[in-house]
Structures are given as structure tokens and as C-alpha cells.
Amino acid sequence: MLKENYTIELLNLKGFNVIRTAGKVITICLPVKPHICPQCKNETKKIHDYRLQKVKHLPVAHTSYTILIKKRRYKCPYCNKRFYEKNSLLSKYKSISTDLRKSVLYYASKLFNTKQIADICNLSYSTVVRIIDSIIIPKPIVFPDVISIDEFKGNTGGYKFQCVLTDPIKKKIIEVLPNKNSEDIYGHLTNNDIKNRLKVKYVIMDMSNQFRSIMTNCFPNAKVIADKFHVLRLANWAMEHIRKQEQKRFTDTRRRYFKKSRFILLKRRHHLKRNEKIQLSHMLSVSALLKKAYILKELFYMVMDSKNEKQFYKRIYKWLFLVEIYGIDRFLTMAKTVRQWLHPIRKTILTDYTNGYIGLSTLSRTLFIRSIF
């Protein structure tokens, strides 16, 4: 019994019973259990006959073993249908176990050559080639006119971040990419026909130079749109930085008050209630720097509220001029980024496309966590 248990564990034959072992040949079978007839869907345990099938299985400690599986056919008493029992060892019409096929594909993914795989798995060269050729290549993606890309925190394949491509108009996920490595993303996207990629008119993204470089190369005709949420987040981050910087000078009581009331500084002024406006006035009167930062934050929101291109340029240049006048380091850094992304930001105003479908709520939670210290 102990020997049989070791055999089952070593060869990954859980669920099977070992009938006998003779050298490197092991005979196994499945226990009898009710099966559903594939034709009439009734349950049956009636056995029709048995057949021994030779199965090529995984080598253990560089030794290959042959499995003889005693396959059982059931007979349905209701419709007389004969059918084989289901088993996890091998697929239908196959004589090589599923585990051995997986092993071949694993070594292929690690860039072992065909001869090396054949030697390791004790298979013929042609068998290895057939197994590798049996991989189904995914159909090329049909890209819509507008696509969006963003990263998200995941835990697959050992990577911390994955990327997702979506159709923001139809609100559909196009594809999830396993990591945010530039070469991998570029290679994956360029596998699609160039005619398909030339049809893309707009690509929405956060203000990532990495994504911008990849997407402009992959989609030559596409215009880049900076996602509105990520653009506005720059102003909020700058505002929060000044608030944290200024409150360090305050007493503990006032510092705690400013920390608890930080969302009053982040909210749009016209969204504030009467008592919140009074609080805001009090907070801004304490620090001239905080007041200037708040003015710049509100003016930038007005820039993003622009209704047309002319209004946008008028407001953005006024904002950039005021940033230079005030000379606040954090906003000067933000202004540099805005200049680099001026045309993608302009496209945001003109098209009103966003990648909010990808997960605005997740990004909002991230901003909330980062604003607390």
C-alpha cells in the first residue's frame, strides 16, 4: 500500500488506483463512479467493457515510465450509448499524458531547443514539434478608432504591474498584458497587422512618457490624449505638497486641523457649502503660499473646463504666466510637464475622451491614500 502511494505521488496520478507495477510499467485505473450520459444526460454506473491504453508519461529522476491505463466504457441503460469515463491523465485521442505535454511547452517557453526538449522528456524530435505546433495562436486584435491604455497593480506572472487596453467608447476590455515592460508591450502590439493599427485615431493614456513612446510607434496615425483625471491630479498633488509643507510650521492643533480639512482645499470652490467656504477663507488667510497654490489649482481646473480650443489656449497661457510670477517650485515642475503634454491635454478638451472606464475609482483611492501621512 505504501509503495502504491509513493507511485501515485511521484507520478502525479492522484485519483487513480494502482493495479500492478512491473519494472517501468505501471497499470492504473479509475474507481467506478456515476457518469452522465453525453447523449440523454441520465446518470449511469453500468460498465460495458474495458480497454488497456499505453500512455507516455513524465520522466522521474531521468527515468521514463510507461503507464497502462485500464480505460472503462460505460453503457447508458436509457439510450444504449457507450462512452469512455473522463480522466485527467490524457486528452481525447492522445497517447501522451497532459503533464508530459505541459512539460514540453514549459521547456519551449524557457527557450530550450527542440532536441534538448526531446532528450529531457524522452520523446522523438517530431513529437515535440507536433506538440509545440499544436499551440493555438490568439487571433489578432481588431482595434477600434479610440483605445486607452493604463497600468494596474496585479499579481500574475511574478510582475507587480500589468497593463490593460480598453475600448472607452463601448466600455470593453480589449486585452490585458502581463506586464508593463516596454519591449513586451511593443512586441505584442506590433504582432497585429499594420493596416489594423493604422485605423486607430486616438490613444488615451496617463502622462507616461513610456506609454507615449510605445503607442506613437505602434499606432502611427493616432493622436495621443492625456487622460483628464491624470492631468487634474497634477494640480491636486501640487496643492497637497504645499499644504503638507506649510502645516509643518503650525502648532500641533492647527496642523491636525489642516490635515482633517485637506479636502476643502481639493474641492472646487463652487462645490463648497457655505460653512466650507468660511473654513477655506480661514485656512488661506493663515498662509500666503497656500493661498497662491489654491489660486493656481482653481485656475488649472478652469483651464480643463474650457469649451473650445481658443478658450483653452487663452486660459492655459494665463495659468503658465501666473505660475512663473508666483514661482512656487511644485507648480513650476507641474508647468514643465504641462508644456511637454500641451497638445495631448488640448485633445482632451476637444474630444472629451477619457480612460475612466479602466478604473477611476481605483485611481481615486490611490490619490486618497497618498494624500495622507
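Any read-out appearing in this document is the output of simple, stated calculations on the displayed coordinates, not a laboratory observation. Because the structure is predicted, anything quoted here is derived from the model rather than measured. Counting neighbours? That spans all protein chains shown, and the Cβs are built from the backbone with ideal geometry, glycine included.
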Quick check of the Kirkwood formula: for the chain, what is the inverse mean of 1/r over all pairs of different Cα atoms, in Å? 26.7 Å
Isolated cysteines for the chain, Cβ-Cβ cutoff 4.7 Å, are 29, 121, 163, 218
Stokes-Einstein translational diffusion, the range 152-236 - Kirkwood Rh over all Cα pairs, 0.890 mPa s, 25 °C, in µm²/s: 177 µm²/s
Once you charge only the Cβ atoms, +1 for Lys and Arg and -1 for Asp and Glu, what is the size of the charge dipole of the range 228-353 about its Cα centre, to the nearest 20 debye? 360 debye
In the structure shown, do any of 14/70; 94/115; 56/92; 153/248 have a Cα-Cα gap over 24 Å, and if so which? 153/248
Determine the dipole magnitude for the chain: charges of +1 sit on the beta-carbon of Lys and Arg, -1 on that of Asp and Glu, nothing else is charged, the reference point is the Cα centre, and the result goes in debye to the nearest 20. 1100 debye
Measure nothing but the geometry: give the 0 to 90° angle between the long axis through the Cα atoms of 274-286 and the longest principal axis through the Cα atoms of the chain, rounded to 10°. 70 degrees
Dipole check, the chain, charges on Cβ (K,R +1; D,E -1), about Cα centroid: among 271, 32, 289 the Cα furthest to the positive pole belongs to 271
Where the only charges are on Cβ atoms (+1 Lys, Arg; -1 Asp, Glu), what is the dipole of the range 146-225 about its Cα centre, to the nearest 20 debye? 320 debye
When the helix-only estimate is applied to the chain (DSSP H runs of n ≥ 4, each -39,500 (n - 2.57), divided by the residue count), what is the mean residue ellipticity at 222 nm, nearest 500 deg cm²/dmol? -14500 deg cm²/dmol
So, over other residues within a Cβ distance under 13 Å of residue 77, counting Lys, Arg +1 and Asp, Glu -1, the net charge is +4
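What ranking of 239, 207 emerges when the number of other C-beta atoms within 10 Å of each C-beta is taken as an exposure proxy, fewest first? Before the final figure, lay out the partial values.
Details: 239 24, 207 19.
Ranking 239, 207 by Cβ neighbours within 10 Å, fewest first, gives 207, 239.
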